[in-house]
1. Might you check whether a residue that is out of contact with any Cys (no Cβ under 8 Å at 6 or more places or on another chain), in a strand (DSSP E or B) and more than 21 Å from R100 (Cβ to Cβ) occurs anywhere in the stretch 185-198?
2. Residues that are small (G, A, S), modelled with pLDDT of 95 or more and open to solvent by 20 Å² or more (accessible area, probe 1.4 Å): list the strands (runs of 3 or more DSSP E) wholly contained in the stretch 87-143 that include at least 1 such residues.
3. Looking at D137, D147, can you tell me which residue is on the phi < 0 side of the Ramachandran plot and without any contact (Cβ under 8 Å) to a residue 24 or more places away in the chain?
4. Inspect the stretch 216-239 for any residue being open to solvent by less than 40 Å² (accessible area, probe 1.4 Å) and within 16 Å of the chain's Cα centre (by Cα) and give the result as yes or no.
5. List pairs: first in the stretch 199-210 and open to solvent by 20 Å² or more (accessible area, probe 1.4 Å), second outside any loop (DSSP other than H, G, I, E, B), Cβ under 6 Å, 6+ apart or cross-chain?
Amino acid sequence: MSESDVNEAREAKRAPQADGAESNASGGFLNRIYATVGTVGWVFIGLGSFSDASLLLNDMRTEIMSNFTNAYEYETIGSLHVGNTVSFVEEIVGEPQVSRDLGDETSANYIFDDKYLLTLFYREQRVTAYTVLAVQDDFNPEISGLDDAIGGIGEFFYTALPGVPERQVASDSRVASYYIESIDTERLGRFLDLYIGNVIYGVGGTGPNVSAFSKSLVYGSDQEIRAASAKVRSDLRPNLFGRGEVSLEMVEKSLLSTAEFLDYFDPK
């Protein structure tokens, strides 16, 4: 399945998105909405149902933030940490819709949001790694531990990252297309790898440079591999990031095929 096929399938199934003017509503408009929510909440309180009012206020504020900004999703992603217990993290993001056994007592657990696909790696009832794949335009969460000047995911090229990749993997076929690299972040004080990549069903997809790099890994000389790697890293903006204690090969193993992604998660 080509990248254009993936985009067409997604667009055919996805409901129309709000235009730029709607998604960037003014502060005054949001303030009026919040005031309305507060009024409704006080009505519930006046009727003697404080707990119902609190739940209503929380749900409505979350819905408003999600519809008009990415603040709620950014906050949710920012609260995830390697080492969290499974029970704690599922209180924040909910239970996974899909799970896959990766071996070595580790499972990949997938939670889909309209804006991103979150993959949590569970081992011994704790989160040992996670990845976030952006699936909607203008969804650009920042990556903790990196210079703020770099920007969020989708706003920089690989060459803006500190250092060189420790490991790189890539594939390009009708089943799956992706490029992922890992960067050792031990110098940041935490013994966690940083995973950065592109997956075809994420925002921006992959493209011809990933295909060329994948072929060079199989058929190319060391010089050709270096040249193809440089081309990918200088011309492509990543749509996936994550942190963890698992190998890059295990992250690669967790990736869904294009057909699996569309079957499990694309809106019907």
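The values are calculated or read from the model by the stated rules, or taken from the named source; none is laboratory data. None of these values were measured; they are calculated from a predicted model. All Cβ positions, even for glycine, are placed from backbone atoms using ideal geometry, and neighbour counts span all protein chains on display. Each accessible area value is taken on the protein alone, full model and side chains, heavy atoms only, with ligands, DNA and RNA left out. Shrake-Rupley method; radii C 1.70, N 1.55, O 1.52, S 1.80 Å.
1. yes
2. 98-103, 106-112
3. Answer to the selection: D147.
4. Yes, some residue in the stretch 216-239 is open to solvent by less than 40 Å² (accessible area, probe 1.4 Å) and within 16 Å of the chain's Cα centre (by Cα).
5. Final answer for the pair search is V203/A134; N209/K231; N209/V232; N209/D235.
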